[in-house]
Amino acid sequence: MTRFAEWCAQVDIPAANHKLQVLTADPAKLKAAVDIIAKVVPDHYVMPGRLAQLLARLGRTEVAAYVAEKLPTTKQIKSGDLGEILCTTFIHENTPYKLGIRRLRWKDHRNMAMRGDDVLAFNLDAGQAGLKVLKGASHNPMFDESE
């Protein structure tokens, strides 16, 4: 759990029939935020069951190497992946959309940006009429498409 409220300020901006939620990290709380986020990152690249299998078979050092091999090495791709992780996690923790795809598990290459929507989440509530799908994108203003 990323506990966004502990290290971010949130502003909701109305947009037609929706709202845009903008989160801004508090610079004074970044160290705590990094510690919190670091715990959720591996799950976005490797299924937890797969990690457990690898730990049982290979040991801690080899599993660390396996996960490290999935992590990007360029600053721009790292930023993009982090945006996807934070966006996906925020949606799962703060909306009724609890089912989703951890898309980073299926990247073509660790230093390639994902194509398509950053977030794909689903809400299948028995009390509601049918399946609801949420498509979303994250944006890091530090990088633009020209870099």
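Throughout, read-outs are computed from the coordinates displayed, never taken from laboratory work. Being a predicted model, the structure only gives us computed values, none of them experimental. For neighbour counting, all protein chains shown are included, and Cβ atoms are generated from backbone atoms with ideal geometry for every residue, glycine included.
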Original post:
Quick one: Val34, Val63, Val119, fewest Cβ neighbours within 10 Å first, how do they rank?
Top reply: Val34, Val63, Val119
Original post:
Once amide H atoms are built 1.01 Å from N in the peptide plane, which residues 5 or more positions from Cys8, or in another chain, come under 5 Å H to H?
Top reply: Asp26
